[in-house]
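Participant: Got a structure here, written out as structure tokens. Questions coming.
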Amino acid sequence: MVAPTRRGAFPGSFNPLTVGHLAIAEAARDQCRLDVVDLILSRVALAKEDVERPRLEDRVAVLHAAAAHRPWLGVVVTDQQLIADLAAGYDVVVMGADKWAQVDDPAFYGGSVDARDAAIARLPTVVIAPRPPFPVPDGLTLLDVSHDASSTAVREGRTEWMAPEAAEFDRVSGAWSDPQRYEAWVKEGLT
């Protein structure tokens, strides 16, 4: 009898995909014995509704390029926004400690503690990547991974933290390093 496929959900905006994202996905795969880790991208990410650049389709293309070289990595695009909805049907949900702080915040559930508690109760096994200064609550699995790379830092100039596929797209388009060049690239239809 064949063992069922173990799947992990790794939601994020991946703006851009970083070497940290890839290290977390790989650590989750190895430490949780997952067959597949899906990078899950919401068309409109919760608390990031104003993201205009780069376009969604360009971020998705970068994720597909990364997955093309990693057969265990998948890409899912969805209209869902809440982690509990994004993780439905998965064995594990992977997130940084900063994202857990949002999951635990009733503000993301219309201010309702009951709605938050119900959403958290629906989650599969939660696996947390450390993200100082955010604490990791007792009872949640901590990934053995350390990487300071963040998408915010990349957008602020730490371009060496981009995943290779994001760096290549940025080289061609300026998506994260040169907004004016990216806008011209989009306008010229170079995609």
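The values are calculated or read from the model by the stated rules, or taken from the named source; none is laboratory data. Quick caveat: nothing in here was measured; it's all calculated off a predicted structure. Backbone-built Cβ (ideal geometry, glycine too); neighbour counts: all protein chains shown.
Participant: Hey, among D91, D85, D79, D38, which residue is more than 21 Å from D170 (Cα to Cα), among the acidic types (D, E) and loosely packed, with under 14 Cβ neighbours inside 10 Å?
Facilitator: D79
Participant: If you check R155, R122, R181, which single one turns out to be basic (K, R), touching a Gly at 6+ places or on another chain (Cβ under 7 Å) and more than 17 Å from A23 (Cβ to Cβ)?
Facilitator: Answer to the selection: R181.
Participant: Collect the residues in region 118-157 that are out of contact with any helix residue (DSSP H, G or I) (no Cβ under 9 Å at 6 or more places or on another chain), without any contact (Cβ under 8 Å) to a residue 24 or more places away in the chain and either among the acidic types (D, E) or closer than 25 Å to R53 by Cα (or both), keeping them in residue-number order.
Facilitator: Answer for region 118-157, where residues must be out of contact with any helix residue (DSSP H, G or I) (no Cβ under 9 Å at 6 or more places or on another chain), without any contact (Cβ under 8 Å) to a residue 24 or more places away in the chain and either among the acidic types (D, E) or closer than 25 Å to R53 by Cα (or both): D138, T152, E156, G157.
Participant: Considering each of V154, V136 in turn, give the residue that is touching an Asp or Glu at 6+ places or on another chain (Cβ under 9 Å), modelled with pLDDT under 90 and hydrophobic (A, V, I, L, M, F, W, C).
Facilitator: Answer to the selection: V154.
Participant: Every residue in region 157-181 that is in contact with an Asp or Glu (Cβ under 9 Å, 6 or more places away or on another chain), modelled with pLDDT of 90 or more and closer than 25 Å to H69 by Cα, please.
Facilitator: Matches in region 157-181: W161, M162, A167, F169, D170, S173, G174, A175, W176, S177.
Participant: Same structure, new question: D148 is checked against (1) at pLDDT 85 or above; (2) of a type in the set (D, E); (3) farther than 21 Å from A175 by Cα and fails just one. What number does that condition carry?
Facilitator: (1)
Participant: Moving to a separate point now. Of the conditions (1) modelled with pLDDT of 95 or more; (2) in contact with a Phe, Trp or Tyr (Cβ under 7 Å, 6 or more places away or on another chain); (3) among the acidic types (D, E), D98 satisfies every one except a single condition; which number is it?
Facilitator: Condition not satisfied by D98: (1).
Participant: Okay, moving on. Search region 1-13 for residues being at pLDDT 95 or above and buried (at least 22 other Cβ atoms within 10 Å of the Cβ), and hand back the single one that is farthest from S42 (Cα to Cα). I'd like the intermediate steps shown before the answer.
Facilitator: Of region 1-13, the ones at pLDDT 95 or above are 6-11.
Still in the list and also buried (at least 22 other Cβ atoms within 10 Å of the Cβ): 8-11.
On the way: G8: 16, A9: 12, F10: 11, P11: 8 Å.
The selected residue is G8.
Participant: What tally of residues in region 147-173 results from selecting those that are hydroxyl-bearing (S, T, Y) and either over 15 Å from the mean Cα position of the chain (by Cα) or within 19 Å of W185 (Cβ to Cβ) (or both)?
Facilitator: Going through region 147-173 one residue at a time, the tally reaches 2.
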